[in-house]
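Chemist: One structure, pasted below without further comment.
Computed from the coordinates by the stated procedures, all read-outs in this text should not be read as laboratory data. Please read these numbers as outputs of a predicted model, since none were measured by experiment. No Cβ is skipped: glycine too gets one built from the backbone with ideal geometry, and neighbour counts run over all protein chains shown.
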Amino acid sequence: MKVTLWTWGRRSEVAALTWENVRQVNGEYHFDYVGKWGVRKWARIPKAIHDELAAIRTDSAFVFAAYIQQLRTY
């Protein structure tokens with residue numbers, strides 16, 4: 001939810017974010033992705049949110065892959 005609020009992205013765009021597309025710029029983290037209609041976008045998130053996501057990172061390339069297992073467990 002926090003990432004969606006920070007990026008103003010669509011759910012499908014945010015769900016498709018991958019770790020290989022993250023870049024650090026002046027203490028912020030930017031995800032490069034292609035949005036609706038093939039428009040290239042940057043999703044900017046603060047360090048605190050990046051650290052929160054990195055703490056639950058899995059072997060998957062997708063940023064939110066850990067949530068799938070958390071939902072199944074729940």
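Chemist: Only Cα pairs under 8 Å and at least 6 apart count here; give the relative contact order of the chain as a rounded whole percent.
Modeler: Details: 86 pairs, mean separation 21.0, N = 74.
RCO, the chain: 28 percent.
Chemist: Choose one answer from D32, D51, D59: the residue with the largest mean-square fluctuation in a GNM of the chain with alpha-carbon springs under 10 Å.
Modeler: Looking only at D32, D51, D59, the biggest GNM fluctuation is shown by D59.
Chemist: What net charge do the residues around V39 carry, taking every other residue with its C-beta under 14 Å from that of V39, with Lys and Arg at +1 and Asp and Glu at -1?
Modeler: Values: positive: R10, K36, R40, K41; negative: E13, D32.
Here the charged neighbours net out to +2.
Chemist: Using amide H atoms built 1.01 Å from N in the peptide plane, name the residues 5+ places from R44, or on other chains, whose amide H lies under 5 Å from its own.
Modeler: F31
Chemist: Would you please give the FRET efficiency between Q69 and R44, computed as 1/(1 + (r/R0)^6) with r the Cβ-Cβ distance and R0 = 30 Å, to the nearest 0.05?
Modeler: Numbers: r = 27 Å, r/R0 = 0.90.
Approximately 0.65, to the nearest 0.05.
Chemist: At a Förster radius of 22 Å, what calculated FRET efficiency corresponds to the Cβ-Cβ distance of Q24 and F62, to the nearest 0.05? Don't skip to the answer; put the middle values down first.
Modeler: On the way: r = 19 Å, r/R0 = 0.86.
The computed FRET efficiency comes out at 0.70.
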